[in-house]
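Heads up, the thing below is written out as structure tokens.
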Amino acid sequence: MKLATKYIHAGTEPDPSTGAIMTPIYQTSTYVQEAPGVNKGFEYARSQNPTRKALEEAYAQIENGKYGLAFSSGVAATDAVIKLLSPGDEVIAANDMYGGTYRLFTKVFEKFGIQFKYVDTTNTENVAAAISANTKLIWIETPTNPLMNITDIAAVAAISKKAGALLCVDNTFASPYLQNPLDLGADIVMHSATKYLGGHSDVIQGCLIMNDADLREKLYFIQKSCGAVPGPMDCFLVLRGIKTLHVRMQRHCENGEKMANFLRTHPKVQQVYWCGFTDHPGYAVASQQMRGFGGMMSFTLKDDSVENAKRVLSSTHVFALAESLGGVESLINHPASMTHASIPREERIKNGLSDSLIRLSVGIEDIDDLIADIDQAIG
Ligand SMILES: *Cc1c(COP(=O)(O)O)cnc(C)c1O
């Protein structure tokens, strides 16, 4: 089935009791049983909910996986993956990733005895070199947030298989429309569904998708035991978002390309980070593992002062100054003080994330208005 058809029909069957074409919002905490232990497969809504079940099926289908699990946020999905591990286990993680993931690893899980090694995964030899007998998980993000670095998923999958470790890929930035890590050998795909999957900046949610039944059982056990499940209304919103993923992503890609090219030729712009440029270091890998380059990008100005960056950030009228990404509306963000403030400054600078970097989530408005807005803000 082609992507457009799959996204519109994924997970949704007419409701068996009424024929409703849209999956109802089953706003219930429990289910009446016919006799003790005799039920319709639903006992208590932390463990099972029909709206969530439809969405989990949709998650599996859109990532070409067998199983999907929904969580109350992206970080809750990440949290569940780390809870597969035990004290003494080691994780190799990318040195350039979502600030909240780094915070969860360093501030929450390190104290439980899980070790994290951060490496530049754009060179997969660094990953191979960091493997030890205790390595149980490799965690990567590609493209990365906010520098748009690219890691070769198939190459890292080969390293993880050889080491007997799991590979989890945070696929939030690409979305399933542009990239499917399970097809490239990853064991788990994670999304912040808050972003492109929901697509309308109206819901917080996360998900995990996998092929292995045993792994699914372990993660489902964590989902119900720890309880970070999304409510049925939130599941409904993401189910609705997925139906237009392909149309939105096509426009994000078109607008993204035009914006990246505009910025690159702007006399006051120093550098543009966008993985669709043929001279981007990850371009060859990106064009192999992705179907397009999306609407996320970052840039710096020739006047590299923080004040100048803050001036631009405060001068847009169409772009809204806000954290998050992937919605229909365009957002502008200052990673150093907003999304990535939880990463210590030395770490940030070392990884190339300067204080003056500006990140754009290019939405699906008319591109002429978006370019005019950024142009007048740069001034
Ligand atoms: C937003 C984001 C997360 C965290 O997801 P939440 O839904 O905010 O909990 C994880 N990874 C990436 C790449 C993100 O952009």
message: For a quick check of your reading of the model, give me the residue pairs whose first member lies in the range 91-117 and is of a type in the set (Phe, Trp, Tyr), whose second is assigned to a helix (DSSP H, G or I), with beta-carbon atoms closer than 7 Å and at least 6 apart or on different chains.
response: Phe109/Ile82; Phe116/Phe105; Phe116/Thr106; Phe116/Glu110
query: Does Asn95 satisfy the condition of being within 16 Å of the ligand (Cβ to nearest atom) and not hydrophobic (A, V, I, L, M, F, W, C)?
result: yes
- prompt: Within the range 36-54, can you find the residues that are open to solvent by 70 Å² or more (accessible area, probe 1.4 Å), out of contact with any Gly (no Cβ under 7 Å at 6 or more places or on another chain) and in a loop (DSSP other than H, G, I, E, B)?
  reply: Pro36, Lys40, Glu43
- request: Quick one: in the range 174-184, of everything that is open to solvent by less than 20 Å² (accessible area, probe 1.4 Å) and assigned to a loop (DSSP other than H, G, I, E, B), which residue is farthest from the ligand (Cβ to nearest atom)?
  value: Asn180
message: Any residue at all in the range 56-77 that's among the acidic types (Asp, Glu), within 16 Å of the ligand (Cβ to nearest atom) and within 23 Å of Asp214 (Cβ to Cβ)?
response: yes
- prompt: Yes or no: Phe105 assigned to a helix (DSSP H, G or I) and among the aromatic types (Phe, Trp, Tyr)?
  reply: yes
task: Would you mind listing the helices (runs of 4 or more DSSP H) fully within the range 244-331 where at least 1 residues are touching a helix residue (DSSP H, G or I) at 6+ places or on another chain (Cβ under 8 Å) and under 22 Å from Ala174 (Cβ atoms)?
output: 245-264, 283-289
- prompt: Out of all the residues in the range 333-362, which are outside any helix (DSSP H, G or I), away from the ligand (no atom under 16 Å from the Cβ) and either in contact (Cβ under 8 Å) with a residue 40 or more places away in the chain or among the charged types (D, E, K, R) (or both)?
  reply: Gly352, Ser354, Asp355, Ser356, Ile358
query: Could you say which residue among Ser330, Ser361, Ser342, Ser315 is open to solvent by less than 50 Å² (accessible area, probe 1.4 Å) and modelled with pLDDT under 95?
result: Ser342
task: For the range 230-289, name all the residues that are surrounded by fewer than 17 Cβ atoms within 10 Å (Cβ to Cβ), in contact with a strand residue (DSSP E or B) (Cβ under 8 Å, 6 or more places away or on another chain) and without any contact (Cβ under 8 Å) to a residue 60 or more places away in the chain.
output: Arg264, Gln270, Gln271
statement: Result of the Cβ filter at 7 Å on the range 204-228, keeping first residues that are part of a helix (DSSP H, G or I) and partners that are open to solvent by 10 Å² or more (accessible area, probe 1.4 Å) and within 16 Å of the ligand (Cβ to nearest atom), at least 6 apart or interchain, is Ile222/Lys83; Gln223/Val229; Cys226/Lys83
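The values are calculated or read from the model by the stated rules, or taken from the named source; none is laboratory data. For clarity, every value in this text was computed on a predicted model and none was experimentally measured. Please note: Cβ atoms are built from the backbone with ideal geometry, for glycine as well, and neighbour counts cover all protein chains shown. SASA here: full protein model, heavy atoms, side chains in, ligands and nucleic acids out. Shrake-Rupley method; radii C 1.70, N 1.55, O 1.52, S 1.80 Å.
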